[in-house]
């Protein structure tokens, strides 16, 4: 017998709204901190040994956007992997409960879903290896 979907209660809706608000607040704090860091880098003088030049405001903005891009890649990749593993893992457990011989194949699909987070992390590492971000 198939049951209908459960409707969200008002507490579930409130929890979702509060979680979204928290995520947006954390993003705003992150952007503010990176903007302050970019301003400090733009105002900083070259080191005393003369090997590096001072940052221009444009270079500081590019560096701060690179840090934001790396953070977004890691965060979105991890979030996507979590959602994918939730769906694939539930389906895999359902399949294994009915047909235990499918366990190996089901675990392969769960591993592929977890690979999404690794892709996001690799892109973030590539972004952080850019020459302009080496001095940050």
*In the stretch 85-128, how many are loosely packed, with under 11 Cβ neighbours inside 10 Å and under 30 Å from residue 63 (Cβ atoms)?*
0
*Any residue in the stretch 3-23 that is assigned to a loop (DSSP other than H, G, I, E, B), out of contact with any helix residue (DSSP H, G or I) (no Cβ under 7 Å at 6 or more places or on another chain), at pLDDT 80 or above and loosely packed, with under 10 Cβ neighbours inside 10 Å?*
yes
*asked:* Scan the stretch 57-75 and tell me whether some residue there is over 17 Å from residue 35 (Cα atoms) and touching a helix residue (DSSP H, G or I) at 6+ places or on another chain (Cβ under 6 Å).
replied: yes
*asked:* Cβ contacts < 6 Å: first residue over 17 Å from residue 63 (Cα atoms), restricted to the stretch 25-38; second residue outside any helix (DSSP H, G or I), any location; separation 6+ or different chain. Result?
replied: none
*Residue among 41, 67 that alone is part of a helix (DSSP H, G or I) and either modelled with pLDDT under 75 or touching a strand residue (DSSP E or B) at 6+ places or on another chain (Cβ under 9 Å) (or both)*: 41
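The values are calculated or read from the model by the stated rules, or taken from the named source; none is laboratory data. Being a predicted model, the structure only gives us computed values, none of them experimental. Cβ: placed from backbone, ideal geometry, glycine included. Neighbour counts: every protein chain shown.
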